[in-house]
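The numbers here are math on the coordinates, done by the rules we state, and not lab data. From a predicted model like this one, the values you see are computed outputs, not experimental measurements. Glycine also receives a Cβ, built like all others from the backbone with ideal geometry; neighbour counts cover every protein chain displayed.
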Amino acid sequence: MRLSLPILLASCVSAQAQTVAIDVGHYNEEPGAISARGRAELEFNRELALEIGSAVRRGGLRTVVIGADGLMARLVRRTAAAAEADFFLSVHHDSVQPHFLETWEYDGVERLFSDRYAGFSLFVSRKSAFVRPSLVCASAIGEAMRHAGFSPSLYHADPIPGESKPFADRDNGVHYYDNLAVLKTARTPAVLIESGVIGNRDEELKVQSEDVRKRIAAAVAAGLDRCLPREGTGVGSTE
């Protein structure tokens, strides 16, 4: 039914099931933010993306996981690889602007951290051809995250250099970020999630714990189950 894709994993559950492309944010040469204890964001992203994949499949959807090997450096290759999917989710973990960072010593090494912010954020692009269904799903995921006990960070809307990302849905932690490559080039509705701030020393420990990772994954799966259509409906059915 679907083309072969450069993926780590593909799971088919029924001819009618929607397919979610789960993108592991960043790659080996540019592994993203560095946590307060020196761990690369890519490692957090990979673990959570695989957990989300499992939760989504348990909910009856298909998945393809993109970029888990850390080799896919060109972002447009990621959205091209997801062209046969029905939804694109890019999985990330957050940092803060450099001027908020402080230093501390961990394991004999001086590290950067900031405990100023915590929480999740979600992003959609108004340059996407699917901005409305993207926003519907982002809001559904954010609502499910809140119901699972997580709080949106909100600071990405602060009017400071590097931020100023306007709210699309403040209550559920959704922002517009128009020029994010994977969002504006996706050939499906697309959302990027920043699952937690790994530069925050407490939040780093939380998001790398198996229990919290499973709770985030279950919340994301619940949001997707709510917003993705069943046969004969459109994205945005929230019954």
Straight-line reach check, residue 214, cutoff 26 Å on alpha carbons, 8 or more apart in-chain or any other chain, hits among lysines -> 206
Once residue 181 and residue 39 are pulled to full extension, the length gained, defined as 0.36 nm per residue separation minus their Cα-Cα distance, is 48.7 nm
Expressed as a whole-number percentage, the relative contact order of the range 85-166 with C-alpha contacts under 8 angstrom and at least six residues apart is 21
So residue 58 and residue 160, fully extended at 0.36 nm per residue minus their Cα-Cα distance, gain in nm 32.6 nm
Dipole check, the range 87-239, charges on Cβ (K,R +1; D,E -1), about Cα centroid: among 228, 200, 90 the Cα furthest to the positive pole belongs to 228
To the nearest 20 debye, the range 41-154 has a Cα-centred charge dipole, built from +1 on Lys and Arg Cβ and -1 on Asp and Glu Cβ, of 800
Sorted on mean Cβ neighbours within 10 Å (highest first), peptides 220-227, 111-118 come out as 220-227, 111-118
Computed for the range 92-198: size of charge dipole around the Cα centre, +1 on C-beta of each Lys and Arg, -1 on C-beta of each Asp and Glu, debye to nearest 20, value 740
Note on the chain, DSSP bridge orientation, antiparallel percent to nearest 5 equals 45
Computed over the Cα atoms of the range 49-91, the Rg and Dmax in Å are 10.8, 31
Yeah, the range 114-223 with a ≥ b ≥ c from its alpha-carbon gyration tensor (a/c under 1.5 is rounded, else prolate when a/b outruns b/c, oblate otherwise) is oblate
Simple SL model, points at 7 angstrom along Cα→Cβ for residue 77 and residue 116; separation in nm is 3.6
Extend 7 Å from the Cα of residue 151 along its Cα-to-C-beta direction; within the range 168-186, residues with backbone N under 17 Å of that point are 170-174
Partner aspartates and glutamates whose C-alpha sits under 14 Å from that of residue 127, ignoring same-chain residues fewer than 8 away, are 178
Over the chain, the sum of -39500 (n - 2.57) across DSSP H runs of at least four, divided by residue number and rounded to 500 deg cm²/dmol, gives at 222 nm -9000 deg cm²/dmol
Here D for the range 20-145, in µm²/s, from Stokes-Einstein with a Kirkwood Rh over Cα pairs at 4 °C and 1.567 mPa s, works out to 80
